[in-house]
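Data block below; observations after.
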């Protein structure tokens, strides 16, 4: 099968890559603002983080909500679809820890 | 955390990529000869398949056994370490099928 059609590859196209696993795990415990995500993943460049959030949004993995108050603020959270991957991500995480 | 140290990324470095998921799944049901792997994944180029088998071997995921008889033949099989990832791969597969 062409790799782009193989289901495992399709999953990894969505959640794999350099920063997405960490973005996912940073959001697992609930919504975060951009600045909180930056603190959770200090190594990621601001533009790259912005791009990843947008891409994960367009893939249906992250929901972006604007809250208006004294100042506008934005929160990012995992979607239901994203949470269906949570057991798998936990397994990948624990397997990766013991993979030496 | 630098991505290369993040456990999920470490797992994906081993099992992700263009052809490795299909090589893994082709071997899940038991040992195969090179020619059987080629038939199972007809889209992969012979040199690329050889390289992937060697790399997965050096990562401890595939065992290569030579059988001598009338003619020498070689079989590839998943290692114990590789099989510990089987439930995760199944989940990635089913998630990827429904990921649209």
In nm, what does the list of distances from residue B:34 to its counterparts in the other copies look like, shortest first, when each label sits 7 Å along Cα to Cβ?
5.3
Restricting to Cα pairs below 8 Å that are 6+ residues apart, what does the relative contact order work out to for chain A? Please round to a whole percent.
24
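Work out the mean other chain Cβ neighbour count within 10 Å for the residues of A:79-90 and drop it here as an integer. Before the final figure, lay out each step's value.
Values: counts 0, 0, 4, 0, 0, 5, 5, 0, 4, 10, 6, 2.
Going residue by residue through A:79-90 and averaging, the value is 3.
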Among A:36, A:28, A:66: highest mean-square fluctuation, GNM of chain A, C-alpha pairs under 10 Å:
A:66
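When the gyration tensor of the protein assembly as shown is built from Cα positions, what are the square roots of 5 times its three eigenvalues, in whole Å, from largest to smallest? Before the final figure, lay out the partial values.
Details: eigenvalues 296, 49, 35 Å².
For the protein assembly as shown, the ellipsoid semi-axes come out as 38, 16, 13 Å.
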With one decimal in nm and the nearest listed first, the spacings from residue A:90 to its own position in the other copies, using label points 7 Å along Cα-to-Cβ, are 1.7
How far is residue B:54 from the same spot in each other copy, in nm, shortest first, if each label point sits 7 Å from Cα toward Cβ?
4.1
Largest fluctuation, B:30, B:16, B:69 only, Gaussian network model of chain B with Cα springs under 10 angstrom, belongs to B:69
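With the convex hull built on the Cα atoms of chain B, state its orientation-averaged projected area in nm². Could the numbers behind the result be given before it?
Working: hull surface 31.1 nm².
With every direction weighted equally, the projected area is 7.8 nm².
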Among B:56, B:12, B:27, whose mean-square fluctuation peaks in a Gaussian network model of chain B (Cα, cutoff 10 Å)?
B:12
Summing -39500 (n - 2.57) over the DSSP H runs of n ≥ 4 in chain B and dividing by its residue number, what mean residue ellipticity at 222 nm do you reach, to the nearest 500 deg cm²/dmol?
-15000 deg cm²/dmol
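Where a number appears in this text, it was derived from the coordinates with a stated rule and is not lab data. These numbers were taken from a predicted model, which means no experiment stands behind them. For neighbour counting, all protein chains shown are included, and Cβ atoms are generated from backbone atoms with ideal geometry for every residue, glycine included.
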